[in-house]
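S.K.: Got a structure here, written out as structure tokens. Questions coming.
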Amino acid sequence: MCVNETPVNSLNQGDALPTRNTVFKYGDLFPVLEGSEDEIAVPCYQDSESMAAVSRLIPKREPGYVFQEELLKGLLDYLAAPMNDALYIFGPSGSGKTSMVHQAAARLGWPAVEMTLNGRFEMADLTGHNTIVRGEVMFVYGPLVRALKYGYILMLNEIDLADPAELAGLNDVLEGRPLCIAQNNGEVITPHANFRLIVTANTNGAGSEESYAGTRLLNAAFLDRFRFLESNYMPPEREEKLLGDLYPELGREFIGIMVRTAGEIRRSHTCQEGTAVYMTIPMTTRALIRWAHLCQDADSPEKVVHALDRAFGYRITREERVYLHRIFHDIRGDVTAGLQNRAE
Ligand SMILES: Nc1ncnc2c1ncn2[C@@H]1O[C@H](COP(=O)(O)OP(=O)(O)O)[C@@H](O)[C@H]1O
Ligand SMILES: [Mg+2]
């Protein structure tokens with residue numbers, strides 16, 4: 001389980017820092033939504049001291065990040081007007097669920113705290129625990145309490161790995177009701193107007209042992225408190241642009257081959273027509289970027305295949321790997337033949 005670190009002395013920082021919400025048009029902050037008249041009010045911290053206090057909670061901006069319009073709009077609509085909902089983003093691994101929230105928060109300047117759940121998750125991981133600070137017992141707020149009290153985004157990744165019975169502890173918060181912390185003498189935390197709860201998962205709460213080990217069927221009453229967004233791998237032309245911006249030296253033709261290879265692997269993962277072997281895992285955007293990175297000094301097809309194995313192929317079975325290599329060679333052959341025809 002990983003929580004973004006916070007020094008003890010800045011925990012339980014007292015009251016929420018002074019903010020004045022400022023309204024922007026979506027298009028002012030996100031060029032991909034240029035022209036959109038929709039508006040969002042975002043927290044602006046009033047003085048440099050407050051800004052300094054929260055700045056490390058505002059995710060770092062990745063300039064080359066590629067947003068998918070529909071998804072981004074769904075996320076901004078939620079952040080702008082949550083209407084007592086929480087947001088559930090589901091979709092295949094490495095398709096950009098977590099990074100989209102980070103990158104949107106980075107551009108909005110909205111502090112975010114985050115935790116990745118697992119099968120051993122307990123509510124106390126979120127609410128906090130007693131600890132000894134300079135000889136005194138002190139209750140240290142967990143990420144849920146900090147987000148609720150100070151108006152941050154709380155992001156819980158891999159929610160479908162957690163025990164549904166533990167997650168029921170979030171029901172009050174999901175209803176917009178104050179949270180009572182029994183372990184801290186019943187302290188009552190009233191939700192800040194800028195608090196938002198976003199969860200991500202590979203499944204829509206139905207679990208899928210086949211593709212995602214450890215995922216569970218979540219409780220229907222719990223799921224009823226969310227609005228949903230489905231994330232998917234970006235379309236090939238977007239993925240080509242992303243790789244082209246990151247590794248221009250690889251050249252457009254070669255990047256096209258890589259993206260088509262990834263697309264074919266994803267097709268065989270979902271058993272689409274014409275695919276000969278079932279791939280147990282799809283090639284994620286993350287793995288594709290890793291492949292491109294490892295190809296930077298690959299000067300022969302063998303080295304490119306070796307890079308592909310290191311980026312992805314060694315995670316699948318031998319039989320699947322043979323198929324993976326065949327996919328790559330067929331696509332490469334097609335493109336090379338196409339280029340020769342064009343030159344003739
Ligand atoms: N739209 C995108 N633009 C740029 N990089 C992306 C995009 N989607 C995914 N990635 C890359 O893939 C990595 C994994 O994405 P992530 O958001 O962690 O996926 P998920 O949460 O769906 O498993 C990111 O760190 C980033 O490098
Ligand atoms: Mg994630």
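The values are calculated or read from the model by the stated rules, or taken from the named source; none is laboratory data. Just so we're clear, the structure is a prediction, and the values are computed from it rather than from any experiment. As a convention, Cβ positions derive from the backbone with ideal geometry for all residues, glycine included, and neighbour counts pool all protein chains shown. All accessible areas refer to the heavy atoms of the entire protein, side chains included, with ligands and DNA or RNA removed. Shrake-Rupley method; radii C 1.70, N 1.55, O 1.52, S 1.80 Å.
S.K.: What whole number of Å gives the distance from the Cα centroid of the range 15-63 to the Cα centroid of the range 249-273?
M.R.: Here the two parts' Cα centres lie 36 Å apart.
S.K.: Just by accessible area at a 1.4 angstrom probe, what is the order of Cys180, Cys295 from largest to smallest?
M.R.: These residues rank, largest area first, as Cys180, Cys295.
S.K.: Let me ask another. Against the longest alpha carbon principal axis of the chain, how many degrees, from 0 to 90 and to the nearest 10, is the axis of helix 69-80 turned?
M.R.: Roughly 0 degrees, rounded to the nearest 10.
S.K.: Still on this structure: Quick one: which residues, 5 or more positions from Asp163 or on another chain, have an amide H under 5 Å from its amide H? H modelled 1.01 Å from N in the peptide plane, none for Pro or chain starts.
M.R.: Phe121
S.K.: Using a simple charge model, +1 on the beta-carbon of Lys and Arg, -1 on the beta-carbon of Asp and Glu, nothing else, what dipole does the range 70-222 show about its Cα centre, in debye to the nearest 20? Please list the in-between numbers first.
M.R.: Details: 10 positive and 16 negative charges, 104 e Å.
With only Lys, Arg, Asp and Glu charged at Cβ, the dipole is about 500 debye.
S.K.: I've got another one for you. Per the helix-only calculation at 222 nm, which mean residue ellipticity applies to the chain, given -39500 (n - 2.57) for every DSSP H run of n ≥ 4 and division by its residues, nearest 500 deg cm²/dmol?
M.R.: Mean residue ellipticity at 222 nm (helix-derived): -11500 deg cm²/dmol.
S.K.: Let me ask something additional. Rounded to two decimal places and with Rh computed the Kirkwood way over Cα pairs, what is Rg over Rh for the chain?
M.R.: Result: Rg/Rh = 1.02.
S.K.: How do Arg107, Arg326, Arg332 rank by accessible surface area computed with a 1.4 Å probe, from largest to smallest? It would help to have the intermediate numbers written out before the result.
M.R.: On the way: Arg107 35, Arg326 130, Arg332 85 Å².
Per-residue accessible area, sorted high to low, gives Arg326, Arg332, Arg107.
S.K.: Tell me the angle of helix 252-269 to the major Cα principal axis of the chain, expressed in degrees between 0 and 90 and rounded to the nearest ten.
M.R.: 70 degrees
S.K.: Moving to a separate point now. For the chain, what % of the accessible area comes from carbon and sulfur atoms, probe 1.4 Å?
M.R.: 50 percent
S.K.: Over 29 Å between Cα atoms: which of Lys25/Lys241; Lys73/Lys303; Lys25/Lys97 fall into that group?
M.R.: Flagged as over cut-off: Lys73/Lys303.
S.K.: What number, in percent, do you get for the relative contact order of the range 30-102 if the mean sequence gap of Cα pairs under 8 Å and at least 6 apart is divided by its residue count?
M.R.: Answer for the range 30-102 is 41 percent.
S.K.: Right, next: In terms of solvent-accessible area of protein heavy atoms at a 1.4 angstrom probe, what is the ranking of His306, His325, highest value first?
M.R.: His306, His325
S.K.: Identify, among Tyr233, His325, Val199, the residue whose Cα sits farthest towards the positive end of the charge dipole of the chain, taking +1 on the Cβ of Lys and Arg and -1 on the Cβ of Asp and Glu, with the dipole about the Cα centre.
M.R.: His325
S.K.: Does anyone have the angle between helix 97-108 and the longest principal axis of the chain? Alpha-carbon axes, 0 to 90°, nearest 10?
M.R.: 60 degrees
S.K.: Exactly which GluC sites (Glu not before Pro) in the range 185-250 are in a DSSP loop and have at most 13 other Cβ atoms within 10 Å?
M.R.: Glu209, Glu210
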